[in-house]
Structure formats: structure tokens, C-alpha cells
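Here's the structure, in C-alpha cells; my notes come after.
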Amino acid sequence: MSFALGFEALQRLRVSKLAPHVLHVELHRPDKLNALDLLFWEEIKVCFDIIRSDMDARAVLLSGAGRLFCAGLDLQAALTIFSDSAQDVARRALKIRHFGKAWQDAFTSIEICGKAVIACMHGAVLGAGLELVSACDIRFCTEDAAFQLAEVNIGLASDVGGLQRLPKIIGNQSLIRELALSGRKMLAKEAFQHGLVSRSFDTKETMMAEALSLAKAIASKSPIATLGIKEFLNYTRDHSVPESLEYAITWNMSMLQGADLATATASMVQKSVPEYENLPATKQSKL
């Protein structure tokens, strides 16, 4: 299988094509429980930058190899950043900020890639792993999944998206503060009840099959519509209703004049399966 430049060079991720327009990105460090080391952070950003520029991709499954989805931040890797005693406090602070901003951007690259991203989680989803999936569009899990904002247990307030995105996903300030301040685990049933995940499954295999079916359905839709939906929902989350309405109509001033609307309408009348042109290619990122 041939990929856009960059996928084949990834070491912490495995990327494959499961169906037309559907990619599978697998966190692939099972011997370390998919803990996020420095290379992992870099590769997540590179991977989703490539996906953003991939004119053929329309939907993405994100899963973890091995016995759990993600054990969170690799603490040994992080200590190499935090424990630099050779510099004064100002320079150490700037170094931490540099890495922190890069890690924030890595997860934001998932949110802004313009393609539907379905997180498929099994087993533990800890710390930065939970922050990672908060940037995805749709979240599925297995019934044995357990979610934990574990940073408080090592003396940290998480800062790469969890405390920024999860309150708007779960919508319960009391619960999110309870989870963040105590570091307790939330099991799959509770995660479903509070909207963190939209579906749970008895096995990983069933979950992946259902996620692939959904991804195929999404990939059959207009990629212009998918891009617009993500843009609108992300913008609306962070802006008022009047601002979001203005943004939406400004966006659609051009998009409603495109070919996809006519194609979709004609296929409904003719009861045929529509075929949409890919999004235009853009400049790709490189390792």
C-alpha cells in the first residue's frame, strides 16, 4: 500500500487504508502501553498534518495496539524536559513552553484536519491519552475501558487539551472537576451516560467493525460537507450563537455554489449512489 510522503517513516504509529477514503491510525508502542514519548508527540502532529493534506482521505479510525489504548505521557521522556538543571529558571520555563505548545498543536492537528476522526478505545485511557481523544470527533469504547485524568496524581494540571475540551464534551462542571481534582477512574458505563463516548461494545473487534462501518458511511458523503460540519462545530463550541451563524453563512456563500450540492440532490432524485470529487491537494508535511 502506498501512502503520502511521511506515513512510511513513522515509528510510533501505523497507518493503513481500510476502505476507499478511510484510514486507520494505530498508536503502536504496545511494549510501553502506547505511552507518549517525545517521538510519539512529533509523529502524531506529522501524521495528521499529512492526513489534512491527503486529498483522498475522508474518515480516520484512531486506535491503540496491544492490551490498552494509551497509558498517557511517558514520564521518563517528560523528565528530560522538566529536569534540566544546566539553565536558569527563565530558560527552563521557555523550554517547557516550547514543548508544551508543540504538544498542544499535536492534538489540535486532529481537530483541524478536516476529516472525521473516530477514536476507538479499549482498556485504559489515561492522562494524555484521554486528552488525545478529546480532540476527536466521535468516541467509541469497549465495555472494559476506563478513563482517567491522571495528571493530578503526579502533581500536574493537564494542559494539552483535556481541561479545555472535556468540559465542553461532557457538559457537567461538577463531574469534570471531580474527575480532574481526584484523578479517579471513570468506567465505560459512566462515560457513556455523560456523553464522553457515543457507543460501547463488548469486544475490540466488534468496536472496530462498527467504527469502520460508520467511517465508510461518512466517507460516502460529500467531503465539502464533512469539512464544513467540522468547521462549524469547532467554531460554535468556542463562540456565541450569533458569531457562529455569521461564520456559517459566510462559509456557505461559496460552498453552496459547489458541485457537491447538485450531485447529492440529483442522486436523491435518481435514487443512485453519489460520487464526489476529492478535496484539492495541499502542501504536505514531512518528517
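Using +1 on the beta carbon of Lys and Arg, -1 on that of Asp and Glu, and nothing else charged, what's the dipole of the chain about the Cα centre, debye to 20?
Numbers: 31 positive and 32 negative charges, 29 e Å.
The dipole of the chain has a size of about 140 debye.
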Highest mean packing first, using Cβ neighbours within 10 angstrom, the peptides 150-163, 33-46 sort as 33-46, 150-163
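Grab the Cα-Cα distance for E277 and M55, subtract it from 0.36 nm times how many residues apart they are, and report the gain in nm with one decimal. All intermediate terms of the calculation are to be shown ahead of the outcome.
Values: separation 222, 0.36 × 222 = 79.92 nm, distance 0.93 nm.
So the chain would gain 79.0 nm between E277 and M55.
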Tilt, helix 241-255 to longest principal axis of the chain (alpha-carbon atoms), in degrees rounded to tens, equals 50 degrees
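Figure the gain on full extension for S220 and L261 (residue separation times 0.36 nm, minus the Cα-Cα span) and round it to one decimal in nm.
Working: separation 41, 0.36 × 41 = 14.76 nm, distance 1.38 nm.
Value of the extension gain: 13.4 nm.
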Log10 I(q)/I(0) at q = 0.15 Å⁻¹ for the range 72-225, from Debye over equal alpha-carbon scatterers, is -0.85
Distance in nm between A77 and S213 label points, each 7 Å along Cα→Cβ, equals 3.5 nm
In deg cm²/dmol, rounded to the nearest 500, the helical mean residue ellipticity at 222 nm of the chain, built from -39500 (n - 2.57) for every DSSP H run of length 4 or more, is -15000 deg cm²/dmol
Of the listed pairs K216/K271; K45/K189; K32/K95, those with alpha carbons more than 24 Å apart are K45/K189; K32/K95
Two pseudo-spin positions, 7 Å from Cα along C-beta at S254 and at D238, lie apart in nanometres by 2.0 nm
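Based on the Kirkwood radius over alpha-carbon pairs, what is the Stokes-Einstein translational diffusion coefficient of the chain at 37 °C with 0.692 mPa s viscosity, in µm²/s? Please list the in-between numbers first.
On the way: Rh = 20.0 Å.
Translational D for this selection: 164 µm²/s.
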The relative contact order of the chain, taking Cα pairs under 8 Å that sit 6 or more residues apart, comes to a percentage of 20 percent
Longest principal axis of the chain (C-alpha) makes with the long axis of helix 89-111 (C-alpha) an angle, in degrees to the nearest 10, of 30 degrees
Quick numbers on the range 223-270, Rg and Dmax over C-alpha atoms in Å, give 12.6, 40
Rounded to 0.05, the calculated FRET efficiency for the beta carbons of R67 and V269 at R₀ = 51 Å is 0.55
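A short reminder: the numbers here are calculations on the coordinates, not readings from a lab. Not measured: the values here are computed from a predicted model. Every residue, glycine among them, receives a Cβ derived from its backbone with ideal geometry; neighbour counts consider all protein chains shown.
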